[in-house]
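Mind looking over this structure? Questions follow.
The values are calculated or read from the model by the stated rules, or taken from the named source; none is laboratory data. Computed from a predicted structure; not experimentally measured. Please note: Cβ atoms are built from the backbone with ideal geometry, for glycine as well, and neighbour counts cover all protein chains shown.
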Amino acid sequence: MPRPSFFFLASSALIPCVAAPAAPPAGSFGFDWLRPSSARCSVISETALKDFRSCEYHADGTFGLRDPAFACRRNEKSEYLVYESKAACVRNLETMKANAP
């Protein structure tokens, strides 16, 4: 009779594991989308990362664009959209501003 641990290992190998990043890396770019009049793309530093209460990864992007992004909440009135590159940040910020009321 095979060991139970063998069955666990064999069955777990069949389950695909796709881990989403928990937080954006320092050096990525983002803007506070809840403050559209003052929003601008800026580098996200280690200090800024510590200020985020939580981050949620959006692999399919935001604002109708496909750039993967993190939505990182600082407080009730501040939430950053964070992108891997400055170009992606600028694209999404311009789209957000173009679609503003």
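Going by the structure shown, is Ala48 of a type in the set (Gly, Ala, Ser), closer than 13 Å to Asp32 by Cβ and out of contact with any Gly (no Cβ under 7 Å at 6 or more places or on another chain)?
Taking the combined requirement at face value, the residue satisfies it.
When you scan region 52-67, do you find a residue that is in a helix (DSSP H, G or I), at pLDDT 95 or above, out of contact with any Phe, Trp or Tyr (no Cβ under 7 Å at 6 or more places or on another chain) and among the charged types (D, E, K, R), even just one?
Looking through region 52-67, none of the residues is in a helix (DSSP H, G or I), at pLDDT 95 or above, out of contact with any Phe, Trp or Tyr (no Cβ under 7 Å at 6 or more places or on another chain) and among the charged types (D, E, K, R).
Is it fair to say Leu65 is touching a residue at least 12 places away in the same chain (Cβ under 8 Å) and closer than 17 Å to Ala26 by Cβ?
Considered against the rule, which asks whether it is touching a residue at least 12 places away in the same chain (Cβ under 8 Å) and closer than 17 Å to Ala26 by Cβ, Leu65 comes out as no.
For the subset of region 29-49 comprising residues that are touching a Phe, Trp or Tyr at 6+ places or on another chain (Cβ under 6 Å) and small (Gly, Ala, Ser), which member is surrounded by the most Cβ atoms within 10 Å (Cβ to Cβ)?
Checked region 29-49; the qualifying residue surrounded by the most Cβ atoms within 10 Å (Cβ to Cβ) is Gly30.
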